[in-house]
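Notes follow once the structure below has been shown.
Each reported figure results from applying straightforward, stated rules to the coordinates on display, with no laboratory input. Note that the structure is a prediction, hence the values are computed from the model and not measured. Reconstructed Cβ throughout: ideal geometry from the backbone, glycine too, with neighbour counts over all protein chains shown.
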Amino acid sequence: MISTGDDSALVLSFFLSDMRDKLRKWREENYRNSEQIVDVGEELINEHALKLGDDVWIIYEQVMIAALDCSRDDLAWSCLQELKRQFPDSHRVKRLAGMRLEALERYDDANKLYDSILQDDPTNTAARKRKISILRAQGKSSEAIRELNEYLEQFVGDQEAWHELSELYINEHDYAKAAFCLEELMMTNPHNHLYCEQYAEVKYTQGGLENMELSRKYFAQALKLNNRNMRALFGLYMSASHIAGSPKVSAKVKKDNVKYAAWAASQINRAYQVTKEKSTLFSFPL
């Protein structure tokens, strides 16, 4: 017969395993669910740090970054101190310290820290990208674009940098260059539905019949890759409707696009009805 003490130990073991698995899943899938990470991670490191083994260090890092997102400087600071004690000379920990300074808008201090990392290791891409993030935070978009282009000349395979550059160009309304960045991403990630959707949105914004046809094509591709992508479904409806209403297209093209728009509209209506039914199912009278 298992004693009460054994029962408690078993429950605690399952709890720790479940929480660690959650944090690992969120790390591996790059979830930015910072509030959940703080809720789960803070209890783990405050109450059970000694039971986490070597996993505790990556959890400290994960919780610290989430804490910065949630304006929990107290938690971020305590995580950082633990990491500094364990890894006093780590560039990775120095970068985390710089990110905290960024969150506090101490940009000059953060830049000095990143410069010290780059002085020791000129190939440290993470520190270079943090310096670019500071330019964005300061509203210096032109400088950030220049620095990102220089960075990508050396590290052409950095997908995160290409995506960041596309966002900067979109913010500057330079849609042709944004489209180029997204084309680079789609070449290396042909099965990423979000890149297809974003490319389609850029082409839709550029306007003109040729761009609108490309927009419809890539909204359709995004849906093929992920049939739950509602933005792509709305985009398909809008682009097909726009083409169908153009006086420059043939009767056949008009007919085809009326059909595409009607199909998209029916799918949107179907999704709305499903959502409405779920909402009714879980609503309670006051």
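With a simple spin-label model that places each label point 7 Å from the Cα along the Cα-to-Cβ direction, the separation between residue 191 and residue 47 comes to 4.0 nm.
Note down the Stokes-Einstein diffusion coefficient of the stretch 57-120 in µm²/s, whole number, using a Kirkwood radius over alpha carbon pairs, 37 °C, and 0.692 mPa s.
Working: Rh = 11.6 Å.
The estimated diffusion coefficient comes to 282 µm²/s.
Using just its DSSP H runs of length 4 or more, each adding -39500 (n - 2.57), the chain gives a mean residue ellipticity at 222 nm of -26500 deg cm²/dmol after division by all residues.
My understanding is that a pair violates if its Cα-Cα distance is over 28 Å; which of 217/252; 51/84; 22/51; 25/177 do that in this structure? Correct reply: 25/177. With the cut-off at under 20 Å, measuring from each backbone N in the stretch 154-198 to a point 7 Å along the Cα-to-Cβ line of residue 263 picks out 193-194, 196-198.
Relative to the current alpha-carbon distance between residue 155 and residue 226, full extension at 0.36 nm per residue lengthens the span by 22.6 nm. Just one of (1) 22.7; (2) 18.7; (3) 20.2 is Kirkwood radius over Cα pairs in Å calculated from these coordinates, so which is it? Recomputing Kirkwood radius over Cα pairs in Å here picks out (1).
Using r as the Cβ-Cβ distance of residue 112 and residue 274, and R0 as 51 Å, what FRET efficiency do you calculate, to the nearest 0.05?
Once rounded, the FRET efficiency stands at 0.45.
Working note: Karplus 6.51/-1.76/1.60 with θ = phi - 60° gives the stretch 231-245 the couplings 4, 5, 5, 4, x, 4, 4, 5, 5, 5, 5, 5, 5, 4, x Hz, where Gly and Pro are set to x. Peptides 152-165, 197-210 ranked from most to least packed give 197-210, 152-165, packing being the mean of other C-beta atoms within 10 angstrom over each peptide's residues. Extending 7 Å from the Cα toward the beta-carbon at both residue 28 and residue 58 defines two label points whose distance is 0.9 nm. Taken one residue at a time, the phi angles of the stretch 35-46 give Karplus couplings (6.51, -1.76, 1.60, θ = phi - 60°) of 5, 5, 4, 5, 4, 6, x, 4, 5, 4, 6, 6 Hz. Gly and Pro are set to x. Under 5 Å from the amide H of residue 155 lies no amide H of any residue 5 or more positions distant or on a separate chain, with H modelled from the backbone and absent for Pro and chain starts.
In this rough spin-label picture, where each label sits 7 Å from Cα along the Cβ direction, the residue 146-residue 77 distance is 3.7 nm. The phi torsions of the stretch 28-34, fed into the Karplus equation with coefficients 6.51, -1.76 and 1.60 and a -60° offset, translate into couplings of 5, 9, 6, 5, 10, 8, 4 Hz, rounded to whole numbers, with Gly and Pro shown as x. One decimal place: the segment residue 35-residue 14 gains 5.3 nm when fully extended, by the rule 0.36 nm per residue minus the C-alpha distance.
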